[in-house]
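Structure, as structure tokens:
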Amino acid sequence: MNLKTNEYHPSLIRGLWALTYRELKKWLNDPIMLIMFILQPLIWMGLLGKSLNIQGLFSSSNVNLPPEIKIPGYAIIYPPGITQVVLNGTWLSQIFTNIGMNIMQKTFGVTDYFSYMAIGMVSMIVVTATMFSGMSIVWDRRLGFLDKVLSTPVPRATIIFSKILNSAFRAIFQASVILALAYILGLQLSSTFTIINIIGIYAAIFLLSIGLSSIFLAVSIRATRMERPMQIVNLIVMPLMFSSNIFFPISMMPEWLQPIASANPLTYLTDAIRQLTILPLDISALIIDFIYLSVFAIVLSIIGIVLSWKYLVK
Amino acid sequence: MEEVIRAENLTKVFNKNIVAVDHINFSVYEGEIFGFLGPNGAGKTTTINMLTTVLKPTEGTASILGFDIVKQANEVRKVIGVVHQEYTADEDLTGYENIMLCADLYGIPRDIAKKRALELLELVNLIEFKDKHVETYSGGMRRRLELACGLINRPKILFLDEPTLGLDVQTRAAIWEYIRRLKEEYNMTIFMTTHYLEEADALCDRIAIIDHGKIVAIGSPNELKNSLGGDIITITIKENVDVTNIIYGIEKVKDVKKENGNTYKIRVEFGETITPIIIDTLRQKGYTIVRLLLSKPTLNEVYLEYTGKAFRDVEESRESIIKQRITLRRARK
Ligand SMILES: Nc1ncnc2c1ncn2[C@@H]1O[C@H](COP(=O)(O)OP(=O)(O)O)[C@@H](O)[C@H]1O
Ligand SMILES: [Mg+2]
């Protein structure tokens, strides 16, 4: 009997690419899916981005000043004895606007909330793009596809990593759509922005996607029913978003929430992208963001690999 | 004959209490089609999944071409081909893309893989549909594609889990033909499972009957049938005389029963060779035979004998039911 059948050597890269390509094809070849991927950010942008008009709160039009404002004498303590002062409304509204801008600048780092929020939305889309990875592994298990792959000599880790890579690509794709839309709708880039920053943006998204999809995969790795990953998604997605700086800066949060927000990896992604786009670049802050995101990605993907070794085969 | 699969006390317990496979022992020899026959829930898929390294045994072990299925799982994976009970091909890819995906998983060099993929698609008559999405395939086409995928690495041993599940009778016969042809073309050993008695009978050289996770009988279809005590010859003569003793006197006749009329039920070991002797004997004594029927026991009777119940399915887990439902739905397309 000829036992020398090991003429082929299943390689990590080849297997990984084959499996990832399969996942990518599912949406890249599907026009309806692609349209959904573009519509989703578009709708968010229309509903959230432009309707949460925070800087409007502080604008003079909101205050609606008359051309002249009379202030009675008893309201004035210095210099004493003056019976009445009349203020010029136009000028006052200018002062209000300046104060408003100042508040916006102090809290958000930028003067328009739309730019702030648009970047937050990039982080949101990364979360939704990665949260399907858990479901797709359950689906593969159900259809028997997983069993087929497991009976081939392809390295086990490629099964998990193909899903991770797929969500990372999907996140980058959808994030690009959001950024492009935001730019068209008036995102104000800071003076430190250059085209090269886009690479940094993608790198940051890539790192967070690896970490997040590893979590979603790890919790679904043994699940046989769809409800399981969906429950997990329901449980963690909203808290994850609201305990980050997607909508509001950490400094504005109640004290108990601040440490949670500072540990939330979404905070670091959002900050990194804001640094690279709308904020004047603070290199040291950016480096911290990247270190945090890298550690998050490495630790969680190692957990993912270990779990895939242990639990893919029951 | 060389032993290519050997299972020793192979056991799988799910969730600490469901004993799906219960200390089974068997050997499969080079070049044969070995069948696992049993109703749904008997433990066939679980056995295949352990042999193909998809599941870890709870107890016992097995070796494939001498490689241990747990300790040398990766070696095992290289020499086997698997066609699962489910349709595992990706619906969103074409038939050709699906085969190439399998080739990538085995790390077969691209140029070899391309040649082989086309050759296999030709063999299973799917070449003209190779660029169509699998979504559009019928159940029979899907099963043929699965067969082709399972052969991409030129396996020494091919595992087929319920290869005709849910298919209609004609398609089923066509798949049997493909399996026979593949076996000849590539000189493989085939381990298959089925819950169709006719299928086991028609295809397998040897059968193991599995029930509640245990092997209750093992042997070639004929051996199994003969083990029931042989064939039944039903004979009717014209004369109104009791010939029981004459028939009973013939060598190798095991039992004779006179039924109403002049009909006798004779139990013999090998019906084909004894029948002419009975005819001759009766003729010589001047009797006229008006009717004769030789019937062989079917596997159904074998099954009944060994399990003590008719061939019926047992209760199954939710997961297997869902998987099966998906497979059946696609088979009907
Ligand atoms: N993953 C699983 N978890 C729990 N029980 C299972 C699992 N897979 C199979 N079983 C149970 O093990 C038994 C054997 O199943 P299976 O091997 O699929 O039977 P067959 O293939 O002969 O129809 C059944 O009772 C089934 O419900
Ligand atoms: Mg089965």
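List of remarks:
- Applied to the stretch A:26-32, the Karplus parametrisation 6.51 cos²θ - 1.76 cosθ + 1.60 on θ = phi - 60° returns per-residue 3J(HN,Hα) values of 4, 10, 5, 8, 10, x, 5 Hz, with x for Gly and Pro.
- Evaluated over chain B, the Cα radius of gyration and Dmax, each in Å: 23.8, 78
- Calculated [222 nm] ellipticity per residue, helices only, for chain B: -11500 deg cm²/dmol; basis is -39500 (n - 2.57) per DSSP H run with n ≥ 4, divided by all residues, nearest 500.
- Pairwise inverse Cα distances across the stretch B:159-294, averaged and inverted, put the Kirkwood hydrodynamic radius at 17.9 Å.
- If you run the Gaussian network model on chain B, springs between alpha carbon atoms under 10 Å, then out of B:144, B:267, B:77 the most flexible one is B:267.
- Over chain A, the reciprocal of the mean inverse Cα-Cα separation, the Kirkwood hydrodynamic radius, stands at 22.3 Å.
- Which listed pairs, of B:56/B:225; A:25/B:323; B:44/B:71; A:148/B:214; A:163/B:71; B:16/B:323, have C-alpha distances above 29 Å, in listed order: B:56/B:225
- Simple rule: put +1 on each Lys or Arg Cβ and -1 on each Asp or Glu Cβ in the stretch B:229-296, find the dipole, and look at B:247, B:260, B:236; the Cα lying farthest toward the positive end is B:260.
- Charge sum, other residues only, whose C-beta stays under 15 Å from residue A:287's C-beta, Lys/Arg counted +1 and Asp/Glu -1: -2
- Most to least packed among A:228-234, A:183-189, B:196-202 [average Cβ atoms within 10 Å]: B:196-202, A:228-234, A:183-189
- Hull volume in cubic angstrom per residue (convex hull over the Cα atoms of the stretch A:4-45): 68 Å³
- Accessible-area ranking of A:44, A:27, A:309, largest first, probe 1.4 Å: A:309, A:44, A:27
- Mean residue ellipticity, 222 nm, helices only, chain A: the sum of -39500 (n - 2.57) across DSSP H runs of n ≥ 4, divided by residue count and rounded to 500, is -22000 deg cm²/dmol.
- Rg/Rg_ref, the stretch A:167-314, where Rg_ref = 2.2 N^0.38 Å and atoms are Cα: 1.14
- Of the whole protein surface, residue B:195 contributes about 30 Å² of accessible area at a 1.4 Å probe radius.
- Basic side chains Lys and Arg get +1 at the Cβ, acidic Asp and Glu get -1 at the Cβ, and with that the dipole of the protein assembly as shown about its Cα centre reaches some 340 debye.
- Summing charges over neighbours of residue B:189, with a neighbour being any other residue whose Cβ is under 15 Å away from its Cβ, gives -1 when K and R count +1 and D and E count -1.
- Normalised convex hull volume, the stretch B:229-296, alpha-carbon set, Å³ per residue: 73 Å³
- Beta-bridge orientation, the protein assembly as shown: approximately 70 percent antiparallel, per DSSP, counting only bridges with both partners inside.
- For the protein assembly as shown, the Kirkwood estimate of the hydrodynamic radius, built from every pair of different alpha carbons, is 29.9 Å.
- Rolled with a 1.4 Å probe across the full set of protein chains, the surface gives residue A:176 an accessible area near 40 Å².
- Note on B:104-113: average number of Cβ atoms from other chains within 10 Å of each residue's Cβ is 6.
- Net charge over other residues, Cβ less than 12 angstrom from the Cβ of residue A:100 (K, R count +1; D, E count -1): 0
- Relative protection proxy for A:72-81, A:202-211, from highest mean packing down: A:202-211, A:72-81 (other beta-carbon atoms within 10 angstrom).
- Compactness of the stretch A:76-233 is given as radius of gyration and Dmax, 25.5, 95 Å, from Cα positions.
- Inter-part distance where the stretch A:250-314 and the stretch B:66-138 are each reduced to a Cα centre, Å: 40 Å
- Against chain A, whose longest principal axis comes from its Cα atoms, helix A:89-108 is set at around 30 degrees.
The values are calculated or read from the model by the stated rules, or taken from the named source; none is laboratory data. For clarity, every value in this text was computed on a predicted model and none was experimentally measured. Please note: Cβ atoms are built from the backbone with ideal geometry, for glycine as well, and neighbour counts cover all protein chains shown. What goes into the accessible areas is simple: the full protein's heavy atoms, side chains included, and nothing from ligands, DNA or RNA. Shrake-Rupley method; radii C 1.70, N 1.55, O 1.52, S 1.80 Å.
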